[in-house]
Amino acid sequence: MIRRDFLRAAAAGAVVSVLPACGRSDAVPQSPVDFVAGKPLPWINWSGNQSCTPALRLAPASEAELVDALKRASGVVRAVGASHSFSAVVPTDGTLIATDLLSGLVGHDAASLQAEIWAGTRMHALGPLLHGVGQALPNMPDMDYPAMGGAIVNSVHGTGQRYGSMSSYVTALTLATPSGELIDCSASKRSEIFHAARTSVGALGIVSRMTLQNDKPFRLVETTRIEKTEDVLAELAQRCAAHRNFEFLPLPHSTLAVTVASDLAGPNDAPSGEDDPEAVNSLRTLLQAVGWMPGIGEAAYDKLLTTFLAGGAAQVRVGHSFDVFPHVRVVRFREMEYTVPAESGPDCVREILRTIRERKLPIAFPLEYRYVKADEIWLSMFEGRDGCSISVHQYGDTDHRAYFAEIEPIFWKYQGRPHWGKLHTLDAARLAALYPRHWKDFHEVRRSLDPQGRMMNAHLKHIFGV
Ligand SMILES: Cc1cc2nc3c(=O)[nH]c(=O)nc-3n(C[C@H](O)[C@H](O)[C@H](O)COP(=O)(O)OP(=O)(O)OC[C@H]3O[C@@H](n4cnc5c(N)ncnc54)[C@H](O)[C@@H]3O)c2cc1C
């Protein structure tokens with residue numbers, strides 16, 4: 001088992017803990033604001049790096065109430081799903097509208113495998129709901145906490161060469177505009193709003209419901225292995241083509257990577273599977289135990305990892321797709337992710353690993369590398385090109401800024417587009433250059449639906465140049 005091996009390795013590392021440990025001098029608090037009895041309730045995101053104190057918080061339970069909430073709202077209006085974005089897309093001191101009560105299945109069509117759902121439905125609730133009507137999401141991200149509305153507006157994705165982002169499964173949606181109009185749109189009805197709203201960073205209003213193009217229910221076998229990073233990179237194209245879903249997580253300062261391949265399960269694949277949400281903490285324990293000593297620490301760390309992990313047994317999980325795609329996330333972290341053109345993915349990830357090594361950055365958290373199919377959605381990170389989404393992470397109690405600042409220019413070099421829900425520093429001018437085909441079209445729609453900029457918080461003004 002991967003976890004057991006990590007823990008054994010960490011214990012072995014303690015033997016050499018006389019070496020200077022990787023300190024916590026840059027530790028930052030997990031929660032940026034305190035709850036004070038009698039004061040307005042602050043909002044804080046999952047990661048603990050964004051917060052605000054809205055003057056008004058509303059949770060409409062119907063479209064009529066949503067329209068009413070938008071009309072009543074004062075100050076900057078923002079929607080919130082599951083608060084799982086790292087970037088400052090949600091904060092407002094004006095009105096925060098939660099979508100939690102707009103949840104569940106509206107209806108479904110067995111022949112077309114389409115289902116209409118409320119936008120506040122969390123992904124973990126959606127899997128069983130769709131299963132009950134003979135449908136399943138074709139693909140999912142690696143966790144199932146987000147609300148579907150929050151997910152599609154940021155083009156949330158999983159991995160798989162033949163599969164697009166969550167937004168690409170939306171065939172129609174209903175949008176409540178800042179002025180309180182309800183607009184139904186699809187590829188054939190008010191199509192300009194549809195192409196803008198499927199990935200809008202929540203700038204056009206609040207999606208109340210959406211229709212999804214699903215598949216029939218399917219089961220997956222997920223196999224997790226420890227392999228040599230260079231071996232994986234050398235045959236990456238074949239691996240991505242061979243498996244239904246393939247991703248890999250290179251371990252910094254080591255020659256190893258975790259690979260995760262998922263394929264359709266056969267009738268004899270029995271349900272099984274132990275997930276290990278703490279494995280990533282064990283890696284940190286190991287790096288700290290080895291001690292960060294430039295030149296010495298890295299060699300010892302790689303040797304320990306190789307000794308204890310390489311050649312170990314594969315970990316296998318089998319089950320319904322909606323049980324196997326997501327993993328439990330108990331370790332808080334901060335994340336930056338860019339999607340680079342698919343053909344640049346291997347070079348980009350090699351350069352990141354080399355930079356971490358050469359600049360002796362004390363990073364234990366694995367990188368993540370996924371493949372997503374192209375789509376035609378105006379502001380999707382996958383618009384017009386297949387993409388490799390590459391992420392860097394830092395633990396939630398450790399300052400991520402110096403690390404991310406070292407890595408971000410590498411993504412720029414490869415024409416990377418940042419994930420709208422994750423950390424990046426790009427402004428409107430630079431983002432516009434990354435979306436040459438439809439940046440202007442999107443903003444025409446945005447201005448027509450929200451001429452007064454009621455949805456524009458400080459972050460959206462920065463990224464959209466308002
Ligand atoms: C542990 C963890 C794992 C993650 N894994 C992945 C992953 O595998 N793949 C990936 O792509 N991303 C991943 N992310 C990022 C995350 O999925 C996205 O940021 C996603 O958008 C969060 O959804 P949410 O419901 O929490 O939305 P929130 O963060 O609450 O809101 C996001 C945006 O959506 C807007 N919004 C919310 N609901 C609506 C609505 N109904 N209509 C219009 N706008 C709305 C908000 O105003 C905001 O702008 C991960 C994040 C975390 C914390």
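The values are calculated or read from the model by the stated rules, or taken from the named source; none is laboratory data. Because the structure is a prediction, the values reported are computed rather than measured. For neighbour counting, all protein chains shown are included, and Cβ atoms are generated from backbone atoms with ideal geometry for every residue, glycine included. What goes into the accessible areas is simple: the full protein's heavy atoms, side chains included, and nothing from ligands, DNA or RNA. Shrake-Rupley method; radii C 1.70, N 1.55, O 1.52, S 1.80 Å.
Things to note:
- For the stretch 371-380, the count of residues that are of a type outside the set (F, W, Y), open to solvent by less than 10 Å² (accessible area, probe 1.4 Å), at pLDDT below 95 and in contact with a helix residue (DSSP H, G or I) (Cβ under 8 Å, 6 or more places away or on another chain) is zero.
Residue-wise test of (1) more than 8 Å from the ligand (Cβ to nearest atom); (2) of a type in the set (G, A, S); (3) within 21 Å of the chain's Cα centre (by Cα).
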site: A119; (1), (2), (3): no, yes, yes
site: H131; (1), (2), (3): yes, no, no
site: P141; (1), (2), (3): no, no, yes
site: T159; (1), (2), (3): yes, no, yes
site: P178; (1), (2), (3): yes, no, no
site: S188; (1), (2), (3): yes, yes, no
site: V201; (1), (2), (3): no, no, yes
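- Flag if G75 is more than 6 Å from the ligand (Cβ to nearest atom), over 17 Å from W420 (Cα atoms), in a strand (DSSP E or B) and open to solvent by 10 Å² or more (accessible area, probe 1.4 Å): no
- Just one residue in the set L175, L249 is touching an Asp or Glu at 6+ places or on another chain (Cβ under 9 Å) and more than 30 Å from Q315 (Cα to Cα); that residue is L175.
- Any chance E65 is assigned to a strand (DSSP E or B) and outside the structural domain of S391 (by TED's automatic domain parsing): no
- Residue list for the stretch 389-401, restricted to those being touching a residue at least 12 places away in the same chain (Cβ under 8 Å), of a type outside the set (F, W, Y) and out of contact with any Ser or Thr (no Cβ under 7 Å at 6 or more places or on another chain): I390, S391, V392, H393, Q394, D397, T398, D399, H400
- Test result for R447, of a type in the set (K, R) and assigned to a loop (DSSP other than H, G, I, E, B): no
- Total residues in the stretch 410-451, condition β-branched (V, I, T) and open to solvent by less than 20 Å² (accessible area, probe 1.4 Å): 2
- Filter result (in a strand (DSSP E or B) and among the basic types (K, R)) within the stretch 228-266: K228
- Looking across the stretch 381-409, the residues that are among the small types (G, A, S) and open to solvent by 30 Å² or more (accessible area, probe 1.4 Å) come down to G384, A402, A405.
- Only a single item in (1) modelled with pLDDT of 95 or more; (2) within 16 Å of the ligand (Cβ to nearest atom); (3) open to solvent by 20 Å² or more (accessible area, probe 1.4 Å) is not met by P346, and it is number (2).
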